[in-house]
Amino acid sequence: MKNKPHLVKLKKDKNYAWCECSESKNQPFCDGSHSKLKQKFDTIVDALVEKNLISNAFELQRLIEQSDKNPVLFKAEKDVEVSLCGCKKSDNVPFCSGEHVNI
């Protein structure tokens with residue numbers, strides 16, 4: 001994750017997968033790392049529940065939501081250079097909305 005956008009050239013009619021989980025080694029695009037992250041979170045959540053270390057449903061839901069970061073799929077409508085979000089806080093994903101200046 002970086003606190004500035006990724007300037008990339010998109011090709012018309014090509015499909016892209018923007019990384020939402022921040023784990024991809026191919027930022028800003030997905031490399032499948034979210035599936036490993038989800039497995040890790042699921043294992044941790046299961047262990048916490050089994051040992052009664054999670055005290056309420058709200059804490060459990062918050063942990064589960066953190067593991068539900070899937071790639072954002074989109075198709076380029078034309079050949080264009082765009083700024084894709086690098087901070088993962090954009091309100092216009094996958095595109096940069098300037099939220100990184102607030103981090």
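Just so it is clear, none of the values below were taken in a lab; they were calculated from the coordinates. A quick note: this is a predicted structure, and the numbers were derived from the prediction, not measured.
Stretching Ile44 away from Ala76 to a fully extended chain increases their span by 7.8 nm, per 0.36 nm per residue minus the current alpha-carbon distance. Pairs spanning more than 27 Å between alpha-carbon atoms, out of Lys25/Lys75; Lys40/Lys78; Lys12/Lys36: Lys40/Lys78; Lys12/Lys36.
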